[in-house]
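What follows is a set of notes on a single structure, which appears directly below.
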Amino acid sequence: MFFKSRRMKLAAVAAAALLVVGGLTACGKKSTATPKTLTVATSGTLYPTSYHDSKTKKLTGYDIEVVRAVAKDLGMKVKFKEYNVDGQLAAVKSGKADLAVNDFAISPARQKQFLMSTPFKHSFNSIVVRASDDSGIHSWADIKGKKAAGEAGTGYQRLAQQLGAKLVNYDNVSNDVYLKDVKNGKTDLIMNDYYLQKLALKAVPDSGLKILPNMYFTTNLDGAGEGMIINKQDKALQKKINKSLKKLLKDGTIKKIAEKYYGADVTKQPKVHISKHFTISDQYTGRN
């Protein structure tokens, strides 16, 4: 997941997602009883996954509306709490939140730390560069020495580092900062989810940026799609959520939500040529 801000205006949104970070150790213990109200940790800053509508200021987005649909199906209420990525994971681990949603990949590394729901989004990854010169990146080898923008500790930044890039890390800056810095040369590239990056550039048509069409990629952290993060102790809640998700996927409810926010049916595996599959260190990390 890369772009993050506390309150974003849709017109200025350059959304694409930033990524999940690693290594939290404290484990919260949860009751086996399913709560009447789902407390959900999210960012509120990741368009179009979890963000505030510029007009109504209401929290919305693909993941948010999927959670609301699940809660409605289960006859439950929802309470959202907004944190950065570290805070979201910590909230679930400590029991302050029942689950977290923020374009979280279902990866083997993450499953060692949490329970994960049935996937409700499938995607692949892309690279944003300057449109004028492709930031000098025409092959994977060209990433060496380039400046990669992202959030510290994320899978995307770890991959950029593996490829020899110089890391430029951000925390809680607005989406337009990421795009502007690539355009003006402060950074050279942003690695992230394709759908999020595509919408980011669409939201800011004069950004001066583009997605490299011949360098789509996947990683071992992408796992089997994106889903909800649930406390390791909450198997009963995971079972109920999974049952509801499967029902809503089958009846087309989630497909409609996907088409509203992504303009595509992200509930199915995309058909696209993948240039490269990367293996990133098994240290706990991933994307959001």
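At a glance:
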| read-out | value |
| --- | --- |
| Filter result for the condition that a residue is out of contact with any helix residue (DSSP H, G or I) (no Cβ under 9 Å at 6 or more places or on another chain) and either surrounded by fewer than 20 Cβ atoms within 10 Å (Cβ to Cβ) or of a type in the set (A, V, I, L, M, F, W, C) (or both), over Lys180, Lys210, Lys240 | Lys180 |
| Inter-residue pairs, beta-carbon under 7 Å, first touching a residue at least 12 places away in the same chain (Cβ under 8 Å) and in region 216-230, second among the charged types (D, E, K, R) and open to solvent by less than 20 Å² (accessible area, probe 1.4 Å), 6+ apart | Leu221/Arg287; Gly225/Lys121; Glu226/Asp103; Glu226/Lys121 |
| Within region 38-65, considering residues that are in a helix (DSSP H, G or I) and either of a type in the set (Gly, Ala, Ser) or under 14 Å from the mean Cα position of the chain (by Cα) (or both), the one surrounded by the fewest Cβ atoms within 10 Å (Cβ to Cβ) | Ile64 |
| Test: Lys147 is under 20 Å from Leu59 (Cβ atoms), touching a Lys or Arg at 6+ places or on another chain (Cβ under 9 Å), at pLDDT 95 or above and surrounded by fewer than 24 Cβ atoms within 10 Å (Cβ to Cβ) | no |
| Looking only at region 243-256, and only at residues there that are surrounded by 16 or more Cβ atoms within 10 Å (Cβ to Cβ) and touching a residue at least 40 places away in the same chain (Cβ under 8 Å), the one that is nearest to Ala109 (Cα to Cα) | Leu245 |
| Any hit, region 167-175, residues being at pLDDT 90 or above, under 26 Å from Tyr51 (Cα atoms) and buried (at least 22 other Cβ atoms within 10 Å of the Cβ) | no |
| Selection within region 186-206 - open to solvent by less than 10 Å² (accessible area, probe 1.4 Å) and either in contact with a Leu (Cβ under 9 Å, 6 or more places away or on another chain) or touching a residue at least 60 places away in the same chain (Cβ under 8 Å) (or both) | Leu189, Ile190, Met191, Asn192, Asp193, Leu196, Gln197, Ala200 |
| Lys77 being touching a Gly at 6+ places or on another chain (Cβ under 8 Å) and under 28 Å from Lys255 (Cα atoms) | no |
| Conditions (1) surrounded by fewer than 18 Cβ atoms within 10 Å (Cβ to Cβ); (2) touching a strand residue (DSSP E or B) at 6+ places or on another chain (Cβ under 7 Å); (3) over 23 Å from Ser244 (Cβ atoms); number of the one not met by Asp86 | (2) |
| Condition check for Ser117: open to solvent by less than 30 Å² (accessible area, probe 1.4 Å), touching a Pro at 6+ places or on another chain (Cβ under 8 Å) and either of a type in the set (Gly, Ala, Ser) or free of Cβ contacts under 8 Å to residues at least 40 places away in the same chain (or both) | no |
| Hits in region 89-112 (condition: open to solvent by 10 Å² or more (accessible area, probe 1.4 Å) and in contact with a Lys or Arg (Cβ under 7 Å, 6 or more places away or on another chain)) | Gly95 |
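The values are calculated or read from the model by the stated rules, or taken from the named source; none is laboratory data. Everything quoted here is computed from the prediction, not taken from an experiment. Cβ atoms come from the backbone with ideal geometry, glycine included; neighbour counts cover every protein chain shown. Accessible surface areas use protein heavy atoms only, side chains included; no ligands, DNA or RNA. Shrake-Rupley method; radii C 1.70, N 1.55, O 1.52, S 1.80 Å.
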